[in-house]
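Report on one structure; see the data block that follows.
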Amino acid sequence: MKESQPQTETNDKGLLKSSGVVSLMTLFSRVLGLVRDMVIANFFGAGSSADTFFLAFRIPNFFRRLFGEGAFSQAFVPVLSEYRNRDNPAEIRDLISSVSGSLGFCLVAISVVGVLAAPVIIAVFAAGYVYGGEIEKLALASEMLRITFPYVLLICMTALAGAILNSYGKFAAPAFTPVLLNVSLILAAIYLSPLMDSPVVGLAWGVLIAGVVQLTFQLPFLARQRLLVPPRIDFQHAGVKKVMTLMLPALFGVSVGQINLLLDTVLASFLETGSLSWLYYSDRLLELPLALFGIAIATVVLPSLSMLKADQSEEFSRTIDWALRMVCLFGIPASLALVVLSESLITTLFYQGEMTQRDVEMSALSLSAYGIGLLGHMFVKVLAPGYYARQDMSTPVRYGIIALAANMVLNLLLVWNFKHAGLALATSLSAFLNAGLLFYGLRKKAAYILQAGWLKLILQLLAANGLMVTFLLYASPPQEVWFEMGFWVRLGIMLAVCGVGGIIYGLGLLMVGIRFKEWVR
């Protein structure tokens, strides 16, 4: 036991440093993403054009998360880790060549089908437009989907490059890459949109340009690792077969959240104009803490878990426990802040240009509903790698099906009375269900054993968060005052409120005895 302590402490420091790098880059990307959405809100508000773009962008984004950041990455990283353990560079390059060629072939086929069948796809995912006879919106959405769909090929190959770099401990470049999408959309909204007959189409071209730039950006980093190899289509390669075997069942399991969003899109298309945009703007604010903490922690945990051997079950369990504690430390205050400050946050960032007060109020309702489920989404992000690292894809699929079915039922129950906010609330509740099932499964398999100190930690976090919420409730100005302020005044006050709230939370942690450095160790 004494000999293993230094190694354990070093591993903790490595995980913390890696997640810190990812968080820093992700923070920059997400802040710029908010700037991007502010620009879109300013030019297009939450009207028909914005709804149509978000629809045309959400569909390829779903495939991106499905094939790129979702099932493929979760299946590929453990297989790559196996090849790395053999310490044979030639085999590793051969695996990468075969996987990239085979994946690329499939993505080209999907992209061609997506472009050709764009009107049919739009008709399925925007059934409300068809039912309402909104021919112009259907035609515009189909035109933009034809432009954005090839983004699936480009960004999934970018995700492959990022997965390789992450496996080699190079987290900064993949985490920075989304910045390029934000820059591309901002420039497209300002400079390209005015040149188009339908200005919103400029945003679609911005998405496609971003895909080219993001993939090109990753290549030099692969070359530096001597892993930039020509793609080769080889579905008979043992590594490709294993990736496909692991990936196929996981295509559904790891993408439950994205499928839920698409179901929300279908139902929102039946609601009043603006519903898709309200859900989008609120979801963007949810994505900030989710990516900053949940995805960042999960990104560094998966390779670490995948590299652990069968006789290191104690270290495997302790790594998952570390991730769950980190999620609670950052996720609970973030969730509470989203709920308490929902209307103020939406006003601060998006109330300008074409965005109306009613758009703010409606977006705030869905943000509160999404904020309730932030912790559930973050738990899913860090619990799922516990299965993928063990190459167990079927169990998350089972749990995902249950969560998806529950979400569909909740959607139908809640949408009648709560409209778009009901869709957001259903997504939050199903996230907690999914997380609970994943937690139960790891405990049942004895892959995760609850470490000592959780009850004390929960009580400490409740006390610290209570102080923070009390401050937020009394420090934030009334909503009518927010509407009267200029943008920079709103932004300054919001940064001050959030900054002081964070300081109060940190002081609360110290008061209840949490010492961050010692706690992480």
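Assorted remarks:
- The range 205-242 - residue that is free of Cβ contacts under 8 Å to residues at least 24 places away in the same chain and crowded, with 16+ Cβ neighbours inside 10 Å and, of those, farthest from SER111 (Cα to Cα): LEU228
- Residue check for ILE122: in a helix (DSSP H, G or I), modelled with pLDDT of 80 or more, closer than 17 Å to ARG146 by Cα and not acidic (Asp, Glu): yes
- For PHE43: the one exception among (1) within 27 Å of MET378 (Cα to Cα); (2) modelled with pLDDT of 75 or more: (1)
- Residues in the range 348-395 that are under 30 Å from LYS242 (Cβ atoms) and of a type in the set (Phe, Trp, Tyr): PHE379, TYR387, TYR388.
- Options VAL108, VAL112, VAL99; residue that is surrounded by 19 or more Cβ atoms within 10 Å (Cβ to Cβ), among the β-branched types (Val, Ile, Thr) and either touching a residue at least 40 places away in the same chain (Cβ under 8 Å) or not in a loop (DSSP other than H, G, I, E, B) (or both): VAL99
- Helices (runs of 4 or more DSSP H) (entirely within the range 420-521) containing at least 2 residues that are of a type in the set (Val, Ile, Thr) and out of contact with any helix residue (DSSP H, G or I) (no Cβ under 6 Å at 6 or more places or on another chain): 454-475, 487-511
- Residue match in the range 384-391 (condition: surrounded by fewer than 23 Cβ atoms within 10 Å (Cβ to Cβ), more than 30 Å from VAL481 (Cα to Cα) and in the same structural domain as ALA41 (by TED's automatic domain parsing)): yes
The values are calculated or read from the model by the stated rules, or taken from the named source; none is laboratory data. Everything numeric in this text was worked out from a predicted model, so none of it was measured. Reconstructed Cβ throughout: ideal geometry from the backbone, glycine too, with neighbour counts over all protein chains shown.
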